[in-house]
Each structure stands twice: as structure tokens, then as C-alpha cells.
Amino acid sequence: GQNIDQPTEMTATEGAIVQINCTYQTSGFNGLFWYQQHAGEAPTFLSYNVLDGLEEKGRFSSFLSRSKGYSYLLLKELQMKDSASYLCAVGSGNTPLVFGKGTRLSVIA
Amino acid sequence: DSGVTQTPKHLITATGQRVTLRCSPRSGDLSVYWYQQSLDQGLQFLIQYYNGEERAKGNILERFSAQQFPDLHSELNLSSLELGDSALYFCASSVDPSGSDEQYFGPGTRLTVT
């Protein structure tokens with residue numbers, strides 16, 4: 001089976017940096033995805049990691065350590081519009097992506 | 001815009017009724033996934049179809065069924081509806097059938113059972 005853990009909620013200040021962690025246990029590993037979901041809207045793709053290391057994309061970066069079953073999403077220069085849920089999802093074998101419950105991020109002034 | 005379309009956007013119906021949700025995948029995507037998301041809950045995977053065939057099954061109730069048609073659009077049928085079925089239902093599509101590639105989500109159908 002697969003298990004994905006991420007914090008339920010986080011709060012950060014506008015302009016700051018926040019790190020959202022995700023740990024996973026899976027048999028087989030094909031890659032790890034991060035999605036952003038605003039309330040009542042569809043999830044949208046943010047990043048994909050298949051190899052260890054950091055992937056940077058503008059204000060967002062994602063890190064993966066396969067040996068530790070660990071990833072984080074780093075958001076820099078936080079803006080109010082970044083208030084959303086962030087979903088970690090893991091692909092393994094030939095099974096569909098398994099999504100974590102998501103981390104609800106609140107950005108405050 | 002992800003390229004995935006879902007209809008209807010909103011649906012209000014009574015307990016015991018039956019509804020059909022429709023999804024058209026992105027052009028070129030053969031895989032379609034259905035998810036249920038209740039209030040403050042994570043995405044619960046229901047079922048996956050690939051090129052017309054059922055490929056994977058998640059936590060889908062027996063009262064629910066789905067199919068994918070030759071033109072690759074998919075329908076999710078929910079019957080004997082209960083209050084607890086009220087949720088957002090998302091459809092997603094991808095190119096790869098393995099499920100380990102990026103999924104593109106439709107805007108969702110919000111189902112309210114009264």
C-alpha cells in the first residue's frame with residue numbers, strides 16, 4: 001500500500017518563505033507531484049520530481065529525497081493568492097497517483 | 001484552462017435519485033480518472049479508464065459506476081443517492097495509462113443531495 005503524510009494546515013506571512021513537507025511510503029516509485037488547489041476549484045499542476053534534488057520553477061521549488069521518502073515544496077515571496085491547499089501525490093508501479101490529504105496554507109498580511 | 005471539460009457544473013438532487021456526470025478529456029489523452037472530494041477532505045480516487053477499458057478501481061461504491069465511450073468521453077453514474085454523496089466530483093485525464101504522469105483536472109461538478 002501507499003501512505004502519504006503532509007501537515008494539515010500552515011500559516012505564513014506575505015513576502016515570507018514557507019516549506020511544505022511530504023513524506024511517503026510506497027512500493028515502487030515513479031515520481032512525486034505537487035498540485036495547488038484553491039477552494040472549490042480544480043487542482044493544478046505545480047511540479048514533478050523523479051530524481052533526487054531540487055527543481056526550481058519561479059517562486060516555487062520542489063525537493064525530493066527518494067531514500068528518505070521525503071519531499072518538500074518551497075514557496076518564496078509569498079503572495080495572498082498563494083493561499084490554497086497544496087497536494088502531494090506519488091506515482092508508483094502501474095497504479096494511479098495517490099494523493100495526500102493536502103496542506104491548507106493561509107497567507108496573512 | 002486544462003482542456004478537460006465537465007458537465008454539469010452544479011447539480012442539486014434529492015436522496016434516492018440517480019445522476020450522471022460527464023467528462024471530456026484533453027485532446028489526445030486516453031486515460032480518464034474520477035475523484036470525489038468531500039468538504040475538507042482529500043481527493044478520493046474512484047476509478048480509472050484507459051481507451052475504453054477499466055484500468056484501476058479505488059474506493060468506488062457499488063451504487064456508483066462509470067464508463068468510457070469510443071470517443072473517449074466518460075460518464076460517472078451515481079444512484080440511490082445519499083446525503084453523504086454531496087461532494088465535488090473531479091475528472092482528470094492523462095496521456096500515460098500507468099497513472100504516474102501529470103493529470104489534468106476538469107473544473108469539477110458540485111453535487112448537492114438534499
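For the protein assembly as shown, what D do you get in µm² per second when you plug the Kirkwood radius from alpha-carbon pairs into Stokes-Einstein at 20 °C and 1.002 mPa s? All intermediate terms of the calculation are to be shown ahead of the outcome.
Details: Rh = 17.9 Å.
Translational D for this selection: 120 µm²/s.
What list do you get for A:Ser47, B:Ser38 if you sort them by fewest beta carbons within 10 Å?
Numbers: A:Ser47 20, B:Ser38 12.
With the fewest neighbours first, A:Ser47, B:Ser38 line up as B:Ser38, A:Ser47.
Just want to confirm a number: the relative contact order over chain A, from Cα pairs under 8 angstrom separated by 6+ residues, in percent.
Relative contact order, chain A: 37 percent.
For chain B, calculate the relative contact order in percent as a whole number, restricting contacts to Cα pairs under 8 Å that are 6 or more residues apart. Don't skip to the end; give the middle numbers.
Working: 292 pairs, mean separation 42.4, N = 114.
Reported relative contact order: 37 percent.
Which residue, A:Ser71, A:Ala12, A:Leu46, has the largest displacement toward the positive end of the dipole of chain A when charges sit on each Cβ (Lys, Arg +1; Asp, Glu -1)?
A:Ser71
When averaged across all projection directions, what area in nm² does the alpha-carbon convex hull of segment B:28-89 cover?
Over all viewing directions, segment B:28-89 projects a mean Cα-hull area of 4.4 nm².
Tally Lys/Arg at +1 and Asp/Glu at -1 over every other residue whose Cβ is under 11 Å from the Cβ of A:Ala39; what's the total? Don't skip to the answer; put the middle values down first.
Working: positive: A:Arg104; negative: A:Glu41, B:Asp40.
Local charge sum for A:Ala39: -1.
Which entries of A:Lys57/B:Lys57; A:Lys81/B:Lys57; A:Lys57/A:Lys81 show an alpha-carbon separation above 28 angstrom in the structure shown?
Working: A:Lys57/B:Lys57 33 Å; A:Lys81/B:Lys57 35 Å; A:Lys57/A:Lys81 17 Å.
Over 28 Å Cα-Cα: A:Lys57/B:Lys57; A:Lys81/B:Lys57.
What ranking of B:Ser100, B:Ser24 emerges when the number of other C-beta atoms within 10 Å of each C-beta is taken as an exposure proxy, fewest first?
On the way: B:Ser100 25, B:Ser24 19.
Fewest to most other Cβ atoms nearby, the residues stand as B:Ser24, B:Ser100.
Return the Rg/Rh ratio of segment A:10-52 with Cα-based radii and a Kirkwood Rh. Write out the running numbers ahead of the final one.
On the way: Rg = 13.4 Å, Rh = 13.0 Å.
Computed over Cα atoms, the ratio is 1.03.
Per Stokes-Einstein, at 37 °C and 0.692 mPa s, what whole-number D in µm² s⁻¹ belongs to chain A, with the Kirkwood radius over Cα pairs as the hydrodynamic radius? Spell out each step's value before the answer.
On the way: Rh = 13.9 Å.
Result for D is 236 µm²/s.
Give, as a single signed number, the net charge of other residues whose beta carbon lies under 13 Å from the beta carbon of A:Gly58, with Lys and Arg counted +1 and Asp and Glu -1.
-1
Could you give P(r) for chain B, binned at 10 Å from zero, as whole percent values over all Cα-Cα pairs?
16, 51, 29, 5
Could you tell me the distance between the Cα centroids of segment A:37-93 and segment B:39-114, to the nearest Å?
The two parts, judged by their Cα centres, are 23 Å apart.
Cut-off is 10 Å between beta-carbons; in what order do A:Leu51, A:Leu64 appear when sorted fewest neighbours first? Walk me through the intermediate numbers first.
Numbers: A:Leu51 8, A:Leu64 22.
Final ranking by Cβ density, sparse to dense: A:Leu51, A:Leu64.
Read-outs: derived from the displayed coordinates by stated rules, not from any lab. Treat the numbers as computed from the prediction; the structure is a model and nothing was measured. Using ideal geometry, Cβ is built from the backbone for each residue, glycine included, and neighbour counts are taken over all protein chains shown.
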